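Enquirer: So that we are looking at the same thing, I have put the structure below in structure tokens.
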Amino acid sequence: MRFVLYPTALVTAFALGGCSFVAERDGAPASAGSVAVAMPGTPSPEPRSRYGNPEFYEVAGERYYVMKTSNGYTERGVASWYGSKFHGKRTSSGEPYDMYAVSAAHKSLPLPTWVRVTHLGNGRSLVLRVNDRGPFVDNRIIDLSYAAARELDMIGTGTALVEVTALSFEKADSAGQMVDTREVQGGGTPAPTSPPPTASAPAATEPLFLQTGAFSEATNANRQRERLIAAGIAPTFVEPGSSSDNTVTLYRVRIGPIDNVAEYDALQTQLQALGIDSARLVSVE
């Protein structure tokens, strides 16, 4: 389900018209094989959309907060895609949704935001523009347009494990605070803080694991590992390593490797039943 988010945080309107009451299947266009994909242009600073950027909004009783900045955002998780059911309808930013154009929906990134999406299963990578809200489904972090999903070769599977990294146009001011250059007049066109876009091409992939915790004491890490094994979650192991600042040793509890989305979803359901709701996808460090 898609929503149009207006400037006030308390107003959420349906963008589906009669589709709110009539069941309609989503999917690829009937002539998918001959469809030309509209690739995105070069990432550049844009003002925030008038629509879709309230401080917060609610969908199905759950509250979502829009991020103040996209700078430094990177996340791994599951991508899904949406197509013909929403083609031509209004996105949360107010733009019409074009399933033949490369774009995406995200629950909390400012609209619009340029991101790089990497399919962790096949290594394909694509730079695209986020201009919509969603997906409002558990364990999904981004909803790709049909065209974007086709470029990443995930139409058949419907979902994929991905990494999403924002290409931010923000920079630190003299006080060290992040300044959104889209709001600065006469500031020129700065380069994004992440690498510029490259052609979508397969790259080497790494094994993926679910990390359920990082502890400074090996005893605590082993205690969580034993709890996971007792719940039937395996293979589970403790990986010792340095913290990001190399000041302490951390003992990371990990499950895997994770081979596909179905396995990821099943493990997340088991972990949530144990009260562990902050597990994240990682590769071996």
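The values are calculated or read from the model by the stated rules, or taken from the named source; none is laboratory data. Computed from a predicted model, the values in this text were never measured in an experiment. Backbone-built Cβ (ideal geometry, glycine too); neighbour counts: all protein chains shown. These area figures cover heavy atoms from the full protein model, side chains too; ligands, DNA and RNA do not enter into them. Shrake-Rupley method; radii C 1.70, N 1.55, O 1.52, S 1.80 Å.
Enquirer: Between residue 245 and residue 65, what's the calculated FRET efficiency when r is the beta-carbon distance and R0 is 22 Å? Round to 0.05. Intermediate values should be presented prior to the final figure.
Expert: On the way: r = 28 Å, r/R0 = 1.26.
My answer for the efficiency is 0.20.
Enquirer: With a sphere of radius 11 Å drawn around the Cβ of residue 159, what net charge do the other residues whose Cβ falls strictly inside it have (Lys, Arg +1; Asp, Glu -1)?
Expert: -1
Enquirer: What nm distance separates the two modelled labels at residue 234 and residue 272, each placed 7 Å from Cα along Cα→Cβ?
Expert: 2.6
Enquirer: Working with all protein chains in place, sort 283, 278, 244 by solvent-accessible area computed with a 1.4 Å probe, largest first.
Expert: Values: 283 20, 278 85, 244 125 Å².
Reading off the accessible areas and sorting them downward yields 244, 278, 283.
Enquirer: Could you please report the charge total around residue 120, scoring K, R as +1 and D, E as -1 over all other residues with beta-carbon less than 9 angstrom from its beta-carbon?
Expert: Once all neighbours under 9 Å are counted, the net charge is -1.
Enquirer: Top to bottom by accessible area (1.4 Å), largest first, where do 26, 245, 265, 277 land?
Expert: Working: 26 65, 245 95, 265 35, 277 125 Å².
Largest accessible area first, the list is 277, 245, 26, 265.
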